[in-house]
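Pasting a structure below so you can have a look.
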Amino acid sequence: MSEKPYNLEERTERFAIDVRLFIRGLRLDIANKEDAKQVVRSSGSIGANYIEANESLGEKDFKFRAKIARKEAKETRYWLRIINTLNDNELEKTRLSLIQEAEELLKILSAIINKS
């Protein structure tokens with residue numbers, strides 16, 4: 001994974017791209033295939049909802065959309081936790097790194113929500 005951008009819109013975009021690159025390396029058995037679909041959707045939704053929050057019509061709308069982005073970060077973390085890398089050390093290292101990034105995004109979004 002690359003260096004983390006300071007801009008949260010860029011960081012969430014990079015995260016969604018990194019998740020997609022990770023999925024490409026997985027062996028997609030029945031379970032992983034379904035989990036992969038979910039994690040691709042939720043990881044992209046973090047950034048999409050954060051962008052929507054930044055374009056919000058007011059403080060209440062901003063907070064609502066930021067909460068959705070946070071919810072998607074939690075969901076992404078969940079899907080990443082249950083995906084099976086089948087003992088591939090490199091994929092497992094990437095998976096753990098992505099889980100860490102999801103947790104960091106979750107904390108950042110929580111701080112933004114609490115301050116707004």
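The values are calculated or read from the model by the stated rules, or taken from the named source; none is laboratory data. These numbers come from a predicted model, not from an experiment. Cβ coordinates were reconstructed from backbone atoms using ideal geometry, including for glycine residues, and neighbour counts include every protein chain displayed.
Could you list, in sequence order, the residues of region 97-109 that are over 10 Å from the mean Cα position of the chain (by Cα) and surrounded by 15 or more Cβ atoms within 10 Å (Cβ to Cβ)?
The answer is Ile108, Leu109.
Looking at (1) part of a helix (DSSP H, G or I); (2) surrounded by fewer than 18 Cβ atoms within 10 Å (Cβ to Cβ), which is the only condition Ala53 fails?
(2)
Tell me the residue from Thr85, Thr76, Thr94 that is part of a loop (DSSP other than H, G, I, E, B), crowded, with 17+ Cβ neighbours inside 10 Å and touching a helix residue (DSSP H, G or I) at 6+ places or on another chain (Cβ under 8 Å), please.
Thr85
Something else: Between residues in region 24-42 that are more than 20 Å from Glu90 (Cβ to Cβ) and modelled with pLDDT of 95 or more and residues that are aromatic (Phe, Trp, Tyr) and assigned to a helix (DSSP H, G or I), which pairs lie under 6 Å by C-beta distance while being six or more apart or on different chains?
Listed pairs, sorted by first residue: Gln38/Trp79.
Here is a follow-up. Tell me, which residue of region 20-47 that is surrounded by fewer than 19 Cβ atoms within 10 Å (Cβ to Cβ) and of a type in the set (Gly, Ala, Ser) is nearest to Glu75 (Cα to Cα)?
Ala31
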